[in-house]
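Report on the following structure.
Every number here is computed from the coordinates shown, using simple stated rules; none is lab data. All figures in this text were calculated on a predicted structure; none of them were measured in a lab. Counting neighbours? That spans all protein chains shown, and the Cβs are built from the backbone with ideal geometry, glycine included.
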Amino acid sequence: MAEDAKWPRAHSLISTKESAVGLIDIPAHITSISATDAHLTPAAIREALKRYSTFSYATYEEITTALQDLGAIEDPNSNEQRTIETIASAEKALTIALGGDNSITYAAALGVFGEDIANAGLITFDAHHDLRDGISNGSPVRRLIEAGLNPKHIVQVGINDFSNSYEYAKLAKDLGISVISRSTLELIGIQEACNLALGVAAGPGGKVFVDLDVDVCDRSFVPACPAAAPGGISAYQLRQAARLLAGHRQVRGMDITEIDATKDSDDERTVRLGALLVLEMLSGFQLRS
């Protein structure tokens, strides 16, 4: 790629210098229900940042907030405590975690919540409830509830038809989890969905974690997400959500999960979306008042 001094590239935002925003790689993949090489995705997203600039046309603002590199968690599947401690000790206004499969949401969220999990909130953009038994990429929401997160402070956006069983849907309802389904999202729009989600998750006054499971998107946008189905949300809607939610002060952690970089299309559209989600988060963060 040709270099241009007047066109700074987004990867230059990653630094070892102290910053309010941290970037951490959590390359978990071993417990995934479907075989995945999602552990290779954090590095691919970082590489894809080279393709984009640091200027947001929507806000007409240059991104000047650096991403403090918090490194990578070694063997995150068997080292969740290290993830929790690394994020907790960093004490960032916003921590962005690059997965890896969706199992990372458990440890990443606990690292953000700390001891105040009872007042914490969780927002997931996901086609699935992630309430399965056991430990896998299908269980982080259930595990967080078992760790003390109040299910009434959880909002799941984008839950899709034929992507969940009746038993798990009923469990979500019985627990009091708020659901904004794919069909409801189509009716109310992404802005209203984010407002409603923040009203529930941020209502108790604690820290909020946002899980962006990229398989919430239509499969045509995200061929590298094994569980993505035709008829999911658009890549643009997910980008909007990332910016809107990152703009809220109580949102202290966000993750990007379920991309398998080795399964991407030749144009790398899924990994590039992952890189753009990072930039949308930074753009939203800079809008905090």
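Values for this structure:
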{"item": "Cα Rg, Dmax (largest Cα-Cα span) when computed across the chain, Å", "result": "17.2, 56"}
{"item": "Folded to 0 to 90 degrees: helix 269-285 orientation relative to the chain principal axis, Cα", "result": "90"}
{"item": "Within straight-line cross-link reach of Lys17, lysines at Cα separation under 25 Å, skipping those fewer than 8 residues along the same chain", "result": "Lys6, Lys50, Lys92, Lys207"}
{"item": "Built amide H within the under 5 Å cut-off of Gly121, gap 5+", "result": "Lys207, Val208, Phe209"}
{"item": "Relative contact order %, the range 10-285, counting alpha carbon pairs below 8 Å whose residues are six or more apart", "result": "22"}
{"item": "Highest to lowest packing among 198-205, 136-143, 12-19, scored as the average C-beta count within 10 Å", "result": "136-143, 198-205, 12-19"}
{"item": "Residue-by-residue Karplus 3J(HN,Hα) for the range 48-60, coefficients 6.51, -1.76, 1.60, Hz, glycine and proline x", "result": "5, 4, 5, 7, 10, 8, 9, 10, 9, 6, 4, 9, 6"}
{"item": "Sites matching chymotrypsin sites (Phe, Trp or Tyr not before Pro) across the range 187-263 that sit in DSSP coil, with at most 14 neighbouring C-beta atoms within 10 Å", "result": "none"}
{"item": "Hull shadow area, averaged, the range 226-289 [alpha-carbon convex hull, nm²]", "result": "4.7"}
{"item": "The range 1-138, relative contact order [Cα under 8 Å, separation at least 6], %", "result": "33"}
{"item": "The range 85-141: GluC sites (Glu not before Pro) falling in loop per DSSP and having at most 15 other Cβ within 10 Å", "result": "Glu91, Glu115"}
{"item": "The chain - charge dipole about Cα centre, Lys and Arg +1 at Cβ, Asp and Glu -1, debye rounded to 20", "result": "680"}
{"item": "Largest-first ellipsoid semi-axes for the range 96-245, taking √(5λ) over the Cα gyration tensor eigenvalues, angstrom", "result": "21, 17, 15"}
{"item": "Proximal lysines relative to Lys170, as straight alpha-carbon distance under 25 Å, when same-chain residues fewer than 8 apart are discounted", "result": "Lys152"}
{"item": "Per-residue HN-Hα couplings for the range 18-28 [Karplus 6.51, -1.76, 1.60; θ = phi - 60°; Hz; x = Gly/Pro]", "result": "4, 8, 6, 10, x, 10, 10, 9, 10, x, 7"}
{"item": "Lys/Arg +1, Asp/Glu -1 at C-beta; the chain dipole; positive extreme among Thr105, Pro204, Ala241", "result": "Pro204"}
{"item": "For Ser220, residues with placed amide H under 5 Å, excluding near neighbours", "result": "Gly231"}
{"item": "Helix 166-175 axis, angle to the chain major axis (alpha carbon atoms, nearest 10°)", "result": "90"}
{"item": "Tilt relative to the chain, helix 235-246 - C-alpha long axis, 0 to 90 degrees, to 10", "result": "90"}
{"item": "Ordering of 189-197, 127-135 by burial proxy (mean other Cβ atoms within 10 Å per residue, highest first)", "result": "127-135, 189-197"}
